[in-house]
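To keep things clear, I will list the structure first and then write my remarks on it.
The values are calculated or read from the model by the stated rules, or taken from the named source; none is laboratory data. For clarity, every value in this text was computed on a predicted model and none was experimentally measured. Here the Cβ positions follow ideal geometry from the backbone for every residue, glycine too, while neighbour counts run over all protein chains shown.
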There are 2 protein chains.
Amino acid sequence: MTNERRQKIESVLSKRQNDLTVVLENVFDPHNISAVMRSCDAVGIQDIYVLNTKIPLHKKWGPRSSSSAAKWLTVHQFQNTEECFTQLRKKYSTILTTHLSTDAVSLYQLDLTQPVALVFGNEHSGVSEEIIQLADGNFVIPQVGMIRSLNISVACAVTLYEAFRQKHNTGHFEKQKLDSQVYSTLFTQWELNHE
Amino acid sequence: MTNERRQKIESVLSKRQNDLTVVLENVFDPHNISAVMRSCDAVGIQDIYVLNTKIPLHKKWGPRSSSSAAKWLTVHQFQNTEECFTQLRKKYSTILTTHLSTDAVSLYQLDLTQPVALVFGNEHSGVSEEIIQLADGNFVIPQVGMIRSLNISVACAVTLYEAFRQKHNTGHFEKQKLDSQVYSTLFTQWELNHE
């Protein structure tokens with residue numbers, strides 16, 4: 001491994017955030033999933049959760065995945081909502097959904113510097129009622145146009161970059177946040193990845 | 001026209017911003033263009049500029065366009081850079097490109113509450129050297145991941161929503177900004193549009 005590559009990996013791992021994640025509930029379009037993964041990588045998210053209760057499991061993602069971003073992420077796949085939420089609750093104190101409704105708050109009112117999991121729902125039906133009930137709150141991206149819907153990859157990127165902006169302003173990228181064992185495991189894995 | 005529809009149109013037009021625009025330089029993927037247009041509509045942009053010097057003009061967009069967002073926007077198409085910039089300079093005091101380079105500033109350092117045109121370039125080659133020379137500055141969306149590129153529709157949405165956030169915080173959506181003649185013309189046009 002070249003020095004340059006080692007430094008790149010160290011730099012990226014040192015900025016990975018262990019207190020921010022995305023949950024994709026029954027999102028089925030591979031282009032959307034791939035775009036979401038790129039945005040996650042870009043803002044320093046390491047872990048993402050894929051919960052498929054109504055559609056089949058996706059092909060496995062992992063270190064050797066063909067999706068360009070998946071190999072730099074830790075993808076947790078679930079088919080059972082309860083199991084997924086039990087795992088999420090261990091790491092993230094707040095779980096928020098994105099669902100158009102009257103009680104939704106604006107993205108820009110959220111404090112995204114605290115441990116939080118952000119749930120994005122199926123392309124057609126959105127986040128399920130079951131998940132809305134289990135979550136701690138609900139937000140929307142404000143829109144002032146004639147058309148009231150953003151593609152999920154766009155909505156996710158806008159949300160993650162607002163988290164990035166807030167976290168950057170509060171110093172979240174200034175010191176390593178992954179615990180050292182996770183850091184070492186990922187370093188070893190990433191050494192073997194092709195970019 | 002129902003009252004509800006009239007109110008929707010009035011509400012949207014009253015929030016349209018006359019001091020923010022997007023320029024697409026030789027962007028060729030119709031899905032990207034369509035996604036950019038949806039984001040423009042969502043944050044209240046009315047005018048967008050399409051500059052095709054290296055690829056053919058796109059089919060005409062307009063009130064009866066099949067693209068869902070195009071019919072709510074005013075699309076200015078150009079094949080000549082100089083003509084395009086002459087028009088831009090009349091309305092926007094600053095023209096910024098998005099191009100990876102050492103002198104780029106972060107999106108989050110920009111003041112997007114002033115009149116500004118934001119140029120996004122071709123999917124493969126980015127913004128051209130000619131445009132970079134003509135523009136007033138260059139910015140990038142900060143990224144801390146292994147992969148260093150965001151899809152243009154994602155990059156554009158993230159940028160436009162940062163502009164939205166800043167403009168919202170400084171009251172840009174609180175009073176009508178379109179001049180009354182433009183407002184009336186658009187109102188008449190939009191009455192005839194189907195949603």
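What the table below lists for this structure:
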item: Matching residues in segment B:62-78 - criterion: being modelled with pLDDT of 65 or more and under 21 Å from B:Glu25 (Cβ atoms); result: B:Ser67, B:Ala69, B:Ala70, B:Leu73, B:Thr74, B:Val75, B:His76, B:Gln77, B:Phe78
item: Residues of segment A:164-175 satisfying the condition of being farther than 30 Å from B:Lys177 by Cα, under 18 Å from the mean Cα position of the chain (by Cα) and in a helix (DSSP H, G or I); result: A:Phe164, A:Lys167, A:His168
item: Residue that is nearest to B:Gln181 (Cα to Cα), among those in segment B:1-13 that are at the interface with another protein chain (Cβ under 10 Å from one of its Cβ atoms) and either touching a helix residue (DSSP H, G or I) at 6+ places or on another chain (Cβ under 8 Å) or part of a loop (DSSP other than H, G, I, E, B) (or both); result: B:Leu13
item: Residue within segment A:168-186 that is of a type outside the set (A, V, I, L, M, F, W, C), touching a helix residue (DSSP H, G or I) at 6+ places or on another chain (Cβ under 7 Å), within 23 Å of B:Ile152 (Cα to Cα) and in contact (Cβ under 8 Å) with a residue 12 or more places away in the chain present; result: no
item: Residues satisfying the stated conditions in segment B:111-128, i.e. among the β-branched types (Val, Ile, Thr), in contact with a helix residue (DSSP H, G or I) (Cβ under 9 Å, 6 or more places away or on another chain) and in a loop (DSSP other than H, G, I, E, B); result: B:Thr113
item: B:Leu178 at pLDDT 95 or above, more than 30 Å from A:Ser14 (Cβ to Cβ), in a loop (DSSP other than H, G, I, E, B) and within 14 Å of chain A (Cβ to nearest Cβ); result: yes
item: Odd one out for A:Glu162, checked against (1) away from chain B (no Cβ under 11 Å); (2) of a type in the set (Asp, Glu); (3) surrounded by 19 or more Cβ atoms within 10 Å (Cβ to Cβ); result: (1)
item: Residue count, segment B:129-161 (criterion: assigned to a helix (DSSP H, G or I), more than 23 Å from A:Arg16 (Cβ to Cβ) and either touching a residue at least 60 places away in the same chain (Cβ under 8 Å) or in contact with a helix residue (DSSP H, G or I) (Cβ under 8 Å, 6 or more places away or on another chain) (or both)); result: 10
item: Every pair of residues 6+ apart whose Cβ atoms lie under 9 Å, when the first sits in segment A:41-60 and is at positive phi while the second is surrounded by fewer than 24 Cβ atoms within 10 Å (Cβ to Cβ) and in a strand (DSSP E or B); result: A:Gly44/A:Gln17
item: Of all residues making up segment B:46-60, the number that are of a type in the set (A, V, I, L, M, F, W, C), assigned to a strand (DSSP E or B) and either in contact with a helix residue (DSSP H, G or I) (Cβ under 7 Å, 6 or more places away or on another chain) or modelled with pLDDT under 95 (or both); result: 2
item: Residue in segment B:91-102 that is within 14 Å of another protein chain (Cβ to nearest Cβ), under 15 Å from A:Tyr161 (Cα atoms) and of a type outside the set (Asp, Glu) present; result: no
item: Segment A:19-35 - residue that is at pLDDT 95 or above and within 14 Å of chain B (Cβ to nearest Cβ) and, of those, farthest from the chain's Cα centre (by Cα); result: A:Leu20
item: When residues of segment A:67-102 are limited to those that are assigned to a strand (DSSP E or B) and among the polar types (S, T, N, Q), the one nearest to A:Arg16 (Cα to Cα); result: A:Thr74
item: Residues satisfying the stated conditions in segment A:116-145, i.e. at the interface with chain B (Cβ under 8 Å from one of its Cβ atoms) and either within 17 Å of the chain's Cα centre (by Cα) or modelled with pLDDT under 95 (or both); result: A:Ile141
item: Scan of segment A:165-175 for residues that are more than 17 Å from A:Gln109 (Cβ to Cβ) and more than 12 Å from chain B (Cβ to nearest Cβ), ordered by number; result: A:Gly171, A:Lys175
